[in-house]
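K.L.:
Okay, handing you the structure first.
Read the figures in this text as sums done on the coordinates, not as results from a lab. For clarity, every value in this text was computed on a predicted model and none was experimentally measured. Neighbour counts are summed over all protein chains in view; Cβ atoms, including those assigned to glycine, are modelled from backbone coordinates with ideal geometry.
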Amino acid sequence: MPRIITVAAAQLGPIQRAESRQIAVERMIRLLERAHVRGVEFVVFPELALTTFFPRHYLEDVAEADHWYEATMPSDETAPLFAAAKRFGIGFHLGFAEIVDEADETGALRRRRFNTAILVSGKGDILLKYRKVHLPGHAEFDPRRTTQHLEKRYFEPGNLGFPVIRTPMGGLSGLNIGMMICNDRRWPEAWRVLGLQGVELVALGYNTPSTNTTGAGFEAPHLRVFHSQLSIQAGAYQNATFAIASAKAGVEDGNEMFGHSIIVNPQGEIMAQATSWQDELITADCDLDQCTLGKTTVFAFDKHRRPEAYGPITAQIGAIAPAVWSREGQILSRTADVASRPADSDAD
Ligand code: ING
């Protein structure tokens with residue numbers, strides 16, 4: 001019996017700073033209705049799908065941003081989305097800003113803020129939660145930037161690892177689903193941790209500026225989409241998994257983000273791609289048995305991986321300069337620090 005599930009990326013167009021959650025939820029319900037008509041069983045909404053991408057706005061007092069966070073899930077504003085999905089029997093992934101009073105690793109109870117995503121079953125149960133691990137950008141106002149990207153100000157790094165859950169979904173009795181969020185897709189470590197749990201379908205949302213806003217140098221705009229798709233296609237192929245990547249796109253208060261949501265198969269091929277930068281549903285029929293070839297041959301991790309050679313991946317944070325060759329064979333002093341950029345600079 002083939003293990004086929006019909007999935008969708010529900011791309012969202014812009015959400016302006018002044019727009020309410022209710023408007024976003026209504027737009028998402030329209031997309032769910034469209035998904036229902038097409039027989040879709042699982043829908044992926046973007047990162048921070050309920051609000052504008054507020055980390056572009058500097059606020060001296062972070063608490064002034066609290067209205068952009070969800071203290072409960074579902075809440076009064078998001079309950080209609082859960083109800084619509086349950087009515088259609090459609091499972092979904094939702095990205096949102098999470099605010100919670102929770103003990104930290106020292107045991108201290110405090111207010112904490114995360115860039116979060118959840119998986120919800122077609123019956124409305126929250127199956128899994130993930131908190132974004134790789135936070136790009138910076139924590140303080142950066143005058144060099146054309147647009148701020150203050151995820152390090154408004155969120156803590158996720159503390160839930162990269163979880164995978166085996167769960168019924170749609171007509172399937174069991175499917176290994178995992179999540180990541182936006183910048184995570186650029187880090188092969190994130191994909192591999194999911195891959196080492198047998199993931200068959202990775203759900204991810206993103207909000208990605210369509211030009212480089214760091215002020216650190218020119219980057220041709222077409223490369224922004226290329227790097228996003230390269231990361232997702234490589235991650236899917238190298239871990240023999242499907243991936244559904246759903247964008248929040250368009251111009252939010254003058255700040256442009258690209259769409260190009262895609263669904264990718266375990267061979268790294270794009271099965272479907274959004275062509276607008278508005279609300280758009282793209283769908284694909286995923287035959288999960290397509291994961292088997294990669295997982296049992298080229299990426300049969302138990303047969304081929306050599307963890308004893310991978311030490312630096314978890315032992316180091318940054319790169320360490322290599323030894324310098326010399327004809328006499330002795331190791332000269334290591335070259336200057338590899339990272340030639342000043343300490344306070346940051347990626348996008
Ligand atoms: N956005 C961007 C992303 O990783 C970025 C930030 C863009 C980082 C381009 C590096 C290069 O897609 C979020 N929200 O992570």
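K.L.:
Please list, by residue number, every one of the GluC sites (Glu not before Pro) in the stretch 150-234 that is coil in DSSP and has at most 15 other beta-carbon atoms within 10 Å.
P.N.:
E219
K.L.:
Could you give the length gained on full extension between E156 and I126, defined as 0.36 nm per residue of separation minus the Cα-Cα distance, in nm?
P.N.:
Stretched fully, the E156-I126 segment lengthens by 8.6 nm.
K.L.:
Given the options F301, F92, F45, state which has the largest fluctuation in a GNM of the chain using a 10 Å cut-off (strictly under) for Cα springs.
P.N.:
Greatest mean-square fluctuation among the candidates belongs to F301.
K.L.:
Taking the highest mean first, how do the peptides 66-79, 166-179, 111-124 order by number of other beta carbon atoms within 10 angstrom per residue?
P.N.:
Highest mean packing first, the order is 111-124, 166-179, 66-79.
K.L.:
Follow-up. I'd like to compare 153-162, 309-318: which one has the highest average count of other Cβ atoms within 10 Å, and what's the full order after that?
P.N.:
153-162, 309-318
K.L.:
What nm distance separates the two modelled labels at K86 and E256, each placed 7 Å from Cα along Cα→Cβ?
P.N.:
Calculated label separation equals 4.2 nm.
K.L.:
Please compute the contact order of the chain in relative form: average sequence separation of alpha-carbon pairs under 8 Å and at least six residues apart, divided by the residue count, as a percent.
P.N.:
For the chain, the relative contact order is 19 percent.
K.L.:
Turning to a different aspect of this structure: Apply the Karplus curve 6.51 cos²θ - 1.76 cosθ + 1.60, θ = phi - 60°, to the phi angles in the stretch 149-166 and return the couplings in whole Hz, x for Gly and Pro.
P.N.:
9, 8, 5, 6, 8, 9, 9, 8, x, x, 10, 10, x, 10, x, 10, 10, 9
K.L.:
Please give every one of the lysines within straight-line cross-link reach of K129, meaning a C-alpha to C-alpha distance under 29 Å, and leave out same-chain neighbours fewer than 8 residues apart.
P.N.:
Straight-distance partners of K129: K86, K152, K248, K295.
K.L.:
If you put +1 on each Lys and Arg Cβ and -1 on each Asp and Glu Cβ, how big is the dipole of the chain around its Cα centre, in Debye rounded to 20?
P.N.:
Taking the Cα centre of the chain as origin, the dipole is about 780 debye.
K.L.:
Need one number: % antiparallel among DSSP beta bridges in the chain, to the nearest 5.
P.N.:
Restricted to the chain, the bridges split so that about 70 percent are antiparallel.
K.L.:
Please find the FRET efficiency linking H67 to E308, where r is the Cβ-Cβ separation and R0 is fixed at 56 Å, and quote it to the nearest 0.05.
P.N.:
Efficiency, rounded to the nearest 0.05: 0.65.
K.L.:
If I take R0 = 22 Å and measure r between the Cβ atoms of S326 and F218 in this structure, what FRET efficiency does the formula 1/(1 + (r/R0)^6) give, to the nearest 0.05?
P.N.:
0.05
K.L.:
With r as the distance between the Cβ atoms of A108 and Q267 and R0 = 41 Å, compute the FRET efficiency 1/(1 + (r/R0)^6) and round to 0.05.
P.N.:
Efficiency, from the Cβ-Cβ distance: 0.30.
K.L.:
Here's a follow-up. State the three equivalent ellipsoid semi-axes of the stretch 4-309, derived from the C-alpha gyration tensor as the square roots of 5 times its eigenvalues, in descending order and whole Å.
P.N.:
After scaling each eigenvalue by five and taking roots: 28, 23, 20 Å.
K.L.:
Where does the chain land at 222 nm, in deg cm²/dmol rounded to the nearest 500, when only DSSP H runs of n ≥ 4 count, each adding -39500 (n - 2.57), divided by all residues?
P.N.:
One gets -6000 deg cm²/dmol as the mean residue ellipticity at 222 nm.
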